[in-house]
Each structure stands twice: as structure tokens, then as C-alpha cells.
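Here's the structure, in C-alpha cells; my notes come after.
Rule-based calculations on the coordinates, nothing more; no lab input. Since the structure is predicted, the reported quantities are computational estimates derived from the model, not experimental observations. Don't worry about glycine lacking a Cβ; one is built from the backbone with ideal geometry, like all the others, and counts go over all protein chains shown.
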Amino acid sequence: MRCGGIGTTSRRAFVGGTLSANPLSCVAGYHALIEAQRLDAAGVAGRAGLEEIIRRRGLPYVTYNMGSIAHLQTAGVLLLDTSSLLKLLKMKNEAKQRKHVMEVMGAAYTAHGLVTLAGSRIYTSLADNDAVIDDALNRFYDVFALV
């Protein structure tokens, strides 16, 4: 197997970088990855809790996560057909309705001490331990009771 770089037959591969071989930066990178896994676990726990609340409340919502970011869809996601201007104009009213629902849900979250991005994304942080996640899920449960 050849590992050489461009224009060489060497069996060595050069990896450049100011601190790329520094033991301290390697340890720091390792621990950053461990923390990122912990952060992802918080996103998974939040999404799983939201799924359970949605199921218990019998709501037509969808939740999923991408690592530490939980996504919560409480209004139909629009799939825009851009093949004609007429089709786009027909979707304009539906888009306004969806936007209004998302604004109402976002206001309800805020009134219950929850901060989301656009009423649909929940970002976790390393400060979000099990107690913080449980508290947030209880608040979502209260908001969903109003639906």
C-alpha cells in the first residue's frame, strides 16, 4: 500500500499543522470529542423525551435530532414545487399559515421559559444535565397540554 504524497514514492504520509503532533493538543482533541459525545447524548435524550410526550398527547408532531440539536415540527413542513410560478403562488397562503403556527408555538414555548430557534430547533449545551433536560421536557408537556 502506498501512502506517499504528491510526486513521491515515499511510504510516509506528511500531516502538517502547527500543533498536529503535540501531545497536549492530541489530549485536548480527545477530550473535546468525549464532550461532543456527551452533548450528542443530551440531544438524543431531549428528542426521545419529546417523542414520548408527543405520543402520550396524541399530537401529529415530528421530532428528530442531528447530534445535539433536536428538531421539533409542530406545523406541516412545506415541500415547495418550484416548477411553475402558479404552483408557488398557490403555496403562498399555506406558507403564511405554517409561519403563523410556528410563531404561536414559539410564543407558547417562550411563555413557559423555553428558548427555541424559530419554534422548531432546540439546542443543547454542556450545561444541560439530566435535571435540566427533564425540566425542559416538563415545560414542553405543559405547552402541549394547551394544544
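Structure notes:
- Top-ranked residue in region 62-87 [being touching a residue at least 40 places away in the same chain (Cβ under 8 Å) and over 11 Å from Leu137 (Cβ atoms); ranked as nearest to the chain's Cα centre (by Cα)]: Ile69
- Every condition in (1) in contact with a helix residue (DSSP H, G or I) (Cβ under 7 Å, 6 or more places away or on another chain); (2) not in a loop (DSSP other than H, G, I, E, B) holds for Leu114 except the one numbered (2).
- Among the residues listed as Arg56, Arg38, the single one being within 19 Å of the chain's Cα centre (by Cα) and under 25 Å from Ser120 (Cβ atoms): Arg38
- Filtering region 11-65 to residues that are part of a helix (DSSP H, G or I) and of a type in the set (Ser, Thr, Tyr) leaves Ser25, Tyr30.
- Some residue of region 124-141 being among the β-branched types (Val, Ile, Thr) and buried (at least 16 other Cβ atoms within 10 Å of the Cβ): yes
- Condition met for Tyr109 (among the aromatic types (Phe, Trp, Tyr), surrounded by 12 or more Cβ atoms within 10 Å (Cβ to Cβ) and either farther than 26 Å from Glu35 by Cβ or out of contact with any strand residue (DSSP E or B) (no Cβ under 8 Å at 6 or more places or on another chain) (or both)): yes
- Of the numbered criteria (1) of a type outside the set (S, T, N, Q); (2) surrounded by 13 or more Cβ atoms within 10 Å (Cβ to Cβ); (3) in a loop (DSSP other than H, G, I, E, B), the one Gly76 fails is (2).
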